[in-house]
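Q: First, the structure itself, so that you have it in front of you.
No lab work stands behind these numbers, since they all come straight from the coordinates. Computed from a predicted structure; not experimentally measured. Glycine gets a Cβ as well: all are built from the backbone with ideal geometry, and neighbour counts include every protein chain shown.
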Amino acid sequence: MCRVASLLALVVLMSRAADALDNGLALKPTMGWLHWERFMCNIDCDKDPNNCISERLYMQMADVMAKEGWKEAGYEYVCIDDCWPSHQRDAQGRLQADPRRFPGGIKKLADYVHSKGLKLGIYADVGKNTCAGYPGSLGYYETDAQTFADWDVDLLKFDGCYMDWTLLGEGYVNMSKALNKTGRSILYSCEWPLYEWPFQKPNYTAIREACNHWRNFADVYDSWSSIKSILDWTASHQDVIVPSAGPGGWNDPDMLVIGNFGLSHAQQESQMALWAIMAAPLLVSNDPRDICPRSKELLQNRHIIAISQDPLGKQGYRTAKVDNFELWERPLSESRLAIAVLNMLEIGGPRGFFIGAVPGWKICDPLCNVTQILPQYKEMGVQTPQTKMVVSVNPSGTALLTVTPLQKPYWENTAERRKHTIL
Ligand code: GLA
């Protein structure tokens, strides 16, 4: 009896994510809009006034997000990326926005975004320069944190270019402390592990204690090969990264590129489904002023967003690769499970997948209720471990399902639980 109890305690301990950054933020994966993938470092406001990095862009984004269902769906942060500042700091050593492109300054922009019921994110870099060559924060962490707080900024994306890698950890931790010292709640988005992986295995316990989310892998591009490479990296490092995710701190596989140019609709569904399974921040980089209605509907799909934002806060992972299908599963609150079946074969038409072959299907013993969310919403009704259900999955598309056990799953009080709680 005693041995069973201590074994369970050990399992609970092992499965608990390490302590998160205690700033009360990112209790669920962050949702918002971030300019980089779509607008990059376009600073030519004379030639391209509608799309250049300027206060006008973020004001228009805030308008659209407040008006067209994004805010209601949960997208909250309007985030500036690189190329916003002037090349010179001011006489007091503070960062300043480029005066031509941000004539009102960041504080006024923050006020505007707040007036729409949204939050403002900004970008800086732990090293000497930002990746695009603007002033970095090295030597100015406290000054910059205070400047962002004075401007009423709500999120900081902190990049890792132009930094001696041996000082990365110290830099990221010091900025975390500097933000905390300002007394303002500023969500802290890091790229620490991405810049450390080429040299050594990052310490995810330390990262989780300092950051609200952290990029692990290369920048996302507007292409299916980019999405595949992110999924592959994530699956092949899942033993290391999945246990570190939980309320307050998340792995960040980079922006959603849904609604742009490079992904078919099936591929857009795959990105949305898998980002929800991975408990990833949902930071969209597209142009919501001009977006195809199907992509907008997908990004605002409340059933997928509910998976992303599930209160249990566990990251899902790849559980099998079978016959050119990938199976990903995410444990949800109330003993439910989300399943994604990804068809990796990029030729032919829709292929059927027998759902009873999903490793986590045991959760359906003795009975479960199944809802299909993608590619179409469909109540699949009560199923059993002997189900005959087959889902149809388009090439490079995903079938996304949730499974609700109708009685306690058989493993709840047995040693089998160990297998379900470790990852
Ligand atoms: C790096 C980051 C990107 C973006 C650019 C900006 O590449 O990983 O997300 O912020 O810098 O220069």
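Q: Please report, in debye to the nearest 20, how large the charge dipole of segment 317-412 is about its Cα centre when each Lys and Arg carries +1 at its beta carbon and each Asp and Glu carries -1 there. Don't jump to the answer; show the numbers that get you there.
A: Working: 9 positive and 8 negative charges, 8 e Å.
Here the size comes out at about 40 debye.
Q: For the chain, which span is the longest to avoid every loop-located (per DSSP) member of GluC sites (Glu not before Pro) having at most 13 other Cβ atoms inside 10 Å?
A: Maximal segment without exposed cleavage sites: 1-333.
Q: Let me ask something additional. Where does helix 2-15 land angle-wise versus the long Cα axis of the chain, in degrees 0 to 90, nearest 10?
A: For 2-15 against the chain, the angle is about 40 degrees.
Q: So which aspartates and glutamates can K67 reach, going by Cα to Cα under 20 Å and dropping same-chain residues fewer than 8 places off?
A: E55, E76, D111, D287, D290, E297
Q: Could you state the angle between the C-alpha long axis of helix 265-277 and the longest principal axis of the C-alpha atoms of the chain, as a value from 0 to 90 degrees rounded to the nearest 10?
A: Value to nearest ten degrees: 90.
Q: I've got another one for you. Percent of alpha carbon pairs in the chain separated by more than 27 Å?
A: In whole percent, the share of Cα-Cα pairs in the chain beyond 27 Å is 52.
Q: Related question: Would you mind telling me which residue in D98, D232, D159 has the biggest mean-square fluctuation in a Gaussian network model of the chain, where springs connect alpha carbons within a distance under 10 angstrom?
A: For the chain, modelled as a Gaussian network with Cα springs under 10 Å, the answer is D232.
Q: Considering only DSSP beta bridges where both residues belong to segment 125-214, give the percentage that are antiparallel (nearest 5).
A: On the way: 1 of 8 bridges.
Rounded to the nearest five, the antiparallel share is 10 percent.
Q: Between the helical axis of 224-236 and the dominant principal axis of the chain, each derived from Cα atoms, what acute angle in degrees is found, rounded to the nearest 10?
A: 70
Q: Hey, in the GNM for the chain with a 10 angstrom Cα cutoff, which one of G316, G259, G349 fluctuates hardest?
A: G349
Q: So, in nm, how far is label I347 from label R289 when the simple model puts each one 7 Å beyond its Cα toward the Cβ?
A: Spacing of the two 7 Å Cα→Cβ label points: 4.4 nm.
Q: Now a separate question. Among bridges DSSP assigns within segment 18-308, what percent are antiparallel (round to 5)? Working shown, then result.
A: Numbers: 3 of 27 bridges.
In segment 18-308, approximately 10 percent of DSSP beta bridges are antiparallel ones.
Q: Please give the Cα centre distance for segment 127-187 versus segment 319-355, rounded to the nearest Å.
A: Segment 127-187 and segment 319-355 have Cα centres spaced 39 Å from each other.
Q: Can you sort L274, L312 from fewest to most other Cβ atoms within 10 Å of each residue's own Cβ? Walk me through the numbers on the way to the answer.
A: Numbers: L274 24, L312 14.
So the ranking, lowest neighbour count to highest, is L312, L274.
Q: Name the most mobile residue of K314, K47, K378, meaning the one with the largest mean-square fluctuation, in a Gaussian network model of the chain with Cα contacts below 10 Å.
A: K47
Q: Evaluate the distance, in nm, between pseudo-label points positioned 7 Å from the Cα of K181 and of L406 along their respective Cα→Cβ axes.
A: Spacing of the two 7 Å Cα→Cβ label points: 6.0 nm.
Q: DSSP loop chymotrypsin sites (Phe, Trp or Tyr not before Pro) in segment 156-211 with at most 14 other Cβ atoms within 10 Å of their Cβ, which ones?
A: Values: sites: F158, Y162, W165, Y172, Y188, Y195, F199, Y204; in loops: Y162, F199.
Here the sparse-neighbourhood loop sites are F199.
Q: Calculate the spin-label point distance for K67 paired with E170, positioning each point 7 Å from the Cα along the beta-carbon direction, and give it in nanometres.
A: Placing both labels 7 Å beyond Cα along the Cβ direction yields 5.0 nm.
Q: Going through the cross-link list K119/K181; K157/K378; K108/K314; K28/K181; K116/K378; K119/K177, which pairs have a Cα-Cα distance over 32 Å in this structure?
A: Values: K119/K181 20 Å; K157/K378 38 Å; K108/K314 37 Å; K28/K181 23 Å; K116/K378 35 Å; K119/K177 21 Å.
Pairs exceeding the cut-off: K157/K378; K108/K314; K116/K378.
Q: Work out how much length V240 to D46 would gain on full extension: take 0.36 nm times their residue separation and subtract the Cα-Cα distance, in nm to one decimal. Write down the numbers at each step before the final one.
A: Details: separation 194, 0.36 × 194 = 69.84 nm, distance 4.71 nm.
Extending this stretch completely gives an extra 65.1 nm.
Q: In percent, what relative contact order does segment 317-412 have, based on Cα pairs under 8 Å that are 6 or more apart in sequence? If you can, show how the numbers build up before the last one.
A: Details: 223 pairs, mean separation 31.7, N = 96.
Taking the mean separation of contacting Cα pairs over the length of segment 317-412, I get 33 percent.
Q: Next question, about the same structure. Grab the DSSP H runs of the chain that are 4 residues or longer, score each as -39,500 (n - 2.57), total them, divide by all residues and round the 222 nm result to the nearest 500 deg cm²/dmol.
A: Values: 15 runs with 132 residues, N = 423.
Taken over the chain, the calculation gives -8500 deg cm²/dmol.
Q: Where the only charges are on Cβ atoms (+1 Lys, Arg; -1 Asp, Glu), what is the dipole of the chain about its Cα centre, to the nearest 20 debye?
A: Working: 42 positive and 48 negative charges, 231 e Å.
That gives a dipole near 1120 debye.
Q: Just want to confirm a number: the relative contact order over the chain, from Cα pairs under 8 angstrom separated by 6+ residues, in percent. Numbers along the way, then the final one.
A: Working: 887 pairs, mean separation 61.9, N = 423.
Relative contact order here is 15 percent.
Q: For Q300 and A218, compute 0.36 nm times the residue count separating them, minus their Cα-Cα distance, and round to one decimal in nm. Please report the intermediate quantities before stating the final value.
A: Numbers: separation 82, 0.36 × 82 = 29.52 nm, distance 2.59 nm.
Residue separation times 0.36 nm, minus the Cα-Cα distance, leaves 26.9 nm.
Q: At a Förster distance of 35 Å, what's the computed FRET efficiency of N203 paired with K321, Cβ-Cβ distance as r, to 0.05? Don't skip to the answer; put the middle values down first.
A: On the way: r = 29 Å, r/R0 = 0.84.
E(calc), rounded to 0.05, equals 0.75.
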